[in-house]
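The values are calculated or read from the model by the stated rules, or taken from the named source; none is laboratory data. The structure displayed is predicted, hence computed values, not measured ones. No Cβ is skipped: glycine too gets one built from the backbone with ideal geometry, and neighbour counts run over all protein chains shown. Just so you know, the surface numbers come from the protein's heavy atoms only, side chains and all, with ligands and any DNA or RNA stripped out. Shrake-Rupley method; radii C 1.70, N 1.55, O 1.52, S 1.80 Å.
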Amino acid sequence: MEKSTHGMHTFMEDDSTIDIKQEITRYLRYWPWFIFAVFITICSAYFYLRYAPRIYETTAKIKILDESEGLELPTAALILNRSNINLENEIQILSSYLILERVVRDLNLTTKFFEEGTIQTSPLEVLPFEFEQLIKPDSISEPLGFKIEVNTSNFTVTNLTSEEIVEFPKHSTYGTNHELPFEIRQDTSTLFESIEDKTFLVYFNSVKNTILGLKAKLEISALGDRSDLLQLKINGESTEISEQIINAIIRVFDEDGINDRQLVSKRTLDFIDERFLFLAKELDDIEIERQEFKQRNNLVDLVADAGIGLEQRTESDAQVFTINYQLTLAQDLKNAITKDTTLGLIPSDIGLESNGVNSLISDYNTAVLNLDKLKSSAGGNNPTVKVAETSIAVLKRNINRSLASYVSQLEISQSQLQTRNNRFRGQVAQIPEKEKLLLAIERQQKIKESIYLLLLQKREEAAINLAITEPSIKVVENALSGYLPISPKSKIVYAGALLAGLLMPFGFLYVLFMLDTKLHTKDDITDLKIDIPVIGEIPEIKNANTSIFKDPNDRSVLAESFRILSANVDYILPIVDGEKGKVIYCTSTIKGEGKTYISVNLSLALSSMNKKVLLIGTDLRNPQIHSLIKEDKHKPGLSNYLHDVNYDWKDALISGFEKHPNHDIILSGSIPPNPAHLLTNGRFKKLIEEAKQEYDYIIVDTAPTILVTDTLLISQYADVTVYITRSNFTEKKLLNYSKDLNETGKLKNMAYVVNGVGASKSYGYTYNYGYGYGYGYGYGVDE
């Protein structure tokens, strides 16, 4: 048993790693598939590169100018050396619907032209003949398409939507009634031969769809994190159209920025002009109010008028003082004269300014002096004195009357002067209030004049800004298209084709291998970590004439493989002292795995080593040994021996191979109705014991184990059980069944043999999972 255990470990492999070389070899078996796939993909790539449209990249670079002016305090952006320009905003504006709408309308991108070739259709900037569009872009609600065929004598126009065909002779639609949205006519400056028999396509699309399509194609990105530069990129077949579009976008964006700033200037001018009208009216109203105020208050100049008013008031006060003084003198004099009843002198030259009163007083005083002199000389009773006294009394009365009249005049003058003085005094008192009101009016006038002058200055500035508006961008690089197309790239296409040519068969094979549940080599057994050794791999032999080891001296691959198998079987046989013959069972899980084939050839291999070998066919339900040696299926054999106690097994011995004299065979015999009962009646055990005394090796070809119990019923008589599997036939799941037989001890000293190795290189058989194999094992069924 130690020898057996050592043998098991010798043949077992415990390698959990993937054998890269084996995997590569596994795929390399199908190298014609890879060559064919690569050839197909390379040819496909060639034709693709030949006829695929060439896509060119068109780019332009612009710098966004900073519109900030004047001195500014340092900001975080300045300290960090970053621009104040928000490039994200500029990118959104550049790709905005409004900007692209102007570009679409300016370039009439709603209309596209193509030249139709045999395989490829190429875009055109313009048609090679006169084309006048009649339909307005805003009138296009649905896509329209027309095909124009240039024939020898006419234009044939086909409406691609309605499939309506119209022919126009003399290559002109002018002067012809039609419903086409355009007019076409042959251009005399173009050679007709250059466009004859050619087909052109005209497509109309709505403004919205065209804008959205352009928006999807346009790519705008910043060049660097700290840069003010933007790159505009469009990929297309026609470099001329792409360059026109990008240049138009730059122009429209610049004009939009300029118009925005000019619009501010224009609105400023309009606002200032409106304010000018309003301010002019306000200034006129203020000047009229000032004029009326001066006229109403008799003002020419406030300072001069104030001086005149003060001077008049002073003069009036002096006059009032004089009048009051004269009135006081006159009243005092009158009172004095009234109180003096005598004919005394009256004060004269006291300051009265009445010449009449002063004259009467002077005459009176002269008369009084003359009277005094007359009295002194003539006495008081002198008639002359009396006449003089009477005359003096009359003068006195006249003086009183004159004084009364003078006082009355003074009082009247006093009243007039007082009224005048009050008026002058009121005028002087009103000067501060008038000055305040006049200053308020003049202040309003100055404010309006200042605003007027400021607006006049701003108007000039706005007019200058309008005339010299700076651009919003600087074009660093106008639209330029690459010389080489960016798509398709031949190197990438060929590399992709090569990779696809390799990956397609690889992927197919990988899936095929992944879905493959069949056993193929002994590695499939060892990978499942089954503790049962694999003692041999038998190659597939397609030639039936060479599938049997008939010649002991044969040096074929088949012969050598069975010699190796026989040596390995002998190596794992247990060594028991005193025991002569060794019993080797050959069984399998299901029908068709080659157990009979292995049994026959293994017995012949052992026989070729000058060993006496007995081959027994115990598959009583579906025997197959007879077919390999061309014997009758119903020839007496094991079943006859087991059934008839008087039948000697030696009578059933036959020699099926002339060159193997030490090789005997016992066929299965007639097919019995109760194989299991016959195998367990004790006669089979007796047969084995007797045969062991005469033969070195007894090879027993048993029945499959999964559907019948025949093999399990006699398994205890085996020294070694060779369990046959078949490449590309045995399901891997069935190995678990054989593993259970070994672990439970139902089969003794098991060892695997893989039959038919190399039977398939594609593993491309129909898979059948589970145990539903349609085994069909039974009477009259050939294996």
Would you mind working out the accessible area per residue for the chain, using a 1.4 Å probe, and quoting it in Å²?
-> 55
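Let me have the relative contact order for the chain, percent, based on Cα pairs under 8 Å that are six or more residues apart. It would help to have the intermediate numbers written out before the result.
Details: 1142 pairs, mean separation 130.1, N = 783.
Answer for the chain is 17 percent.
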Here FRET efficiency (C-beta to C-beta, residue 86 to residue 21, R₀ 41 Å, nearest 0.05) is 0.10
Straight distance only, please: which lysines reach the Cα of residue 339 with their own Cα at less than 18 Å, same-chain residues fewer than 8 apart left out?
-> 396
For the chain, give the percent of accessible area contributed by carbon and sulfur heavy atoms, probe 1.4 Å, rounded to a whole number.
-> 54
Tell me, in nm to one decimal, what length is gained between residue 332 and residue 255 on full extension, where the rule is 0.36 nm per residue of separation less the Cα-Cα distance?
-> 17.5 nm
State the label only: which of (i) 56.4; (ii) 41.5; (iii) 85.9 corresponds to mean projected area of the Cα convex hull in nm² computed from the shown model?
-> (iii)
Please report, in debye to the nearest 20, how large the charge dipole of the chain is about its Cα centre when each Lys and Arg carries +1 at its beta carbon and each Asp and Glu carries -1 there.
-> 1620
Could you tell me how many degrees, from 0 to 90 and to the nearest 10, lie between the Cα long axis of helix 2-11 and the main elongation axis, the longest principal axis, of the Cα atoms of the chain?
-> 50
Cβ-based charge dipole, the chain, positive-most Cα from 229, 28, 695 | 229
Do the sum for the chain: with -39,500 (n - 2.57) for every DSSP H run of n ≥ 4, divided by all residues, what is the mean residue ellipticity at 222 nm, to the nearest 500 deg cm²/dmol?
-> -16500 deg cm²/dmol
Give the ranking of 609, 750 by solvent-accessible surface, highest area first, calculated with a 1.4 Å probe.
-> 609, 750
Order by accessible surface, 1.4 Å probe, largest leading, for residues 683, 459 comes to 459, 683
So what are the three principal axis dimensions of region 662-705 from its Cα atoms, in whole Å, longest to shortest?
-> 32, 21, 19
Between residue 292 and residue 277, what length in nm is gained on full extension when 0.36 nm per residue of separation is reduced by their alpha carbon distance?
-> 3.1 nm
Put a dot 7 Å past each Cα toward the Cβ at residue 499 and residue 106; how far apart are the dots in nm?
-> 4.2
To the nearest 10 square angstrom, how much accessible area does residue 613 have with a 1.4 angstrom probe?
-> 0
Along the charge dipole of the chain, Cβ charges K/R +1 and D/E -1, which of 586, 718, 647 sits furthest on the positive end?
-> 718
Taking a label point 7 Å from the Cα of residue 575 along Cα-to-Cβ, the residues of region 737-757 whose backbone nitrogen sits under 19 Å from it are 749
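Determine, from the Cβ-Cβ distance of residue 610 and residue 733 and an R0 of 41 Å, the FRET efficiency 1/(1 + (r/R0)^6), rounded to the nearest 0.05.
Values: r = 42 Å, r/R0 = 1.02.
With a Förster radius of 41 Å, E is 0.45.
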Taking the Cα atoms of region 165-246, what is the range of coordinates along each of the three principal axes, in descending order and whole Å?
-> 63, 30, 18
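How high is the FRET efficiency from residue 648 to residue 508, r the C-beta distance, R0 51 Å, rounded to 0.05?
Values: r = 61 Å, r/R0 = 1.19.
Efficiency, from the Cβ-Cβ distance: 0.25.
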As a Kirkwood estimate from alpha-carbon pairs, region 88-143 has a hydrodynamic radius in angstrom of 13.9
So how exposed is residue 116, as accessible area in Å² (1.4 Å probe, rounded to 10)?
-> 80
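Mind jotting down a quarter of the surface of the convex hull over the alpha carbons of region 558-696, in square nanometres, one decimal? Could the numbers behind the result be given before it?
Details: hull surface 35.0 nm².
Dividing the Cα hull surface by four gives the mean projection, 8.8 nm².
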Tilt, helix 383-467 to longest principal axis of the chain (alpha-carbon atoms), in degrees rounded to tens, equals 20
Cα-based reach from residue 208 at 19 Å (exclusive), listing aspartates and glutamates while leaving out same-chain residues under 8 positions away | 101, 106, 138, 142, 219
In degrees, nearest ten, helix 355-378 long axis to first principal axis of the chain (Cα) = 30
